[in-house]
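Colleague: Have a look at the structure that comes next, please.
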Amino acid sequence: MHLNITFPEDLKIRMDQEVKRNQTKRSTLIQNAVRFYLDLKHKRIQEELLKEGYLAMADETKLLMDDFKNLDRESLKYVD
């Protein structure tokens, strides 16, 4: 598939320097850059979802710990 895109002159110059340095094509460089960006974006979204999940579970975990603390206290009454 072909796309027509416009770059500012300074970015085109930097891109061409990188292409020359890596002996590749502009299209390959752009594909890699977009792939890297999308993978990074996906990773950040996943990390945010995990963070939200852990925070949501924190209150439940505390309640469970408190329940077990009470059970431990109760069971220790029967230990000699």
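The values are calculated or read from the model by the stated rules, or taken from the named source; none is laboratory data. Since the model is a prediction, treat every value here as computed from it, not as a measurement. Heads up, the Cβs are rebuilt from the backbone with ideal geometry, glycines too, and the neighbour counts pull from every protein chain shown.
Colleague: If you take the residues of region 38-80 that are hydroxyl-bearing (Ser, Thr, Tyr) and within 34 Å of the chain's Cα centre (by Cα), which of them is modelled with the highest pLDDT?
Modeller: 54
Colleague: Determine whether region 18-26 contains at least one residue that is modelled with pLDDT of 95 or more, assigned to a helix (DSSP H, G or I) and either among the β-branched types (Val, Ile, Thr) or in contact with a Pro (Cβ under 8 Å, 6 or more places away or on another chain) (or both).
Modeller: yes
Colleague: So residue 52 ticks every box in (1) part of a helix (DSSP H, G or I); (2) surrounded by 11 or more Cβ atoms within 10 Å (Cβ to Cβ); (3) not hydroxyl-bearing (Ser, Thr, Tyr) but one. Which box is left unticked?
Modeller: (2) is the only condition that residue 52 fails.
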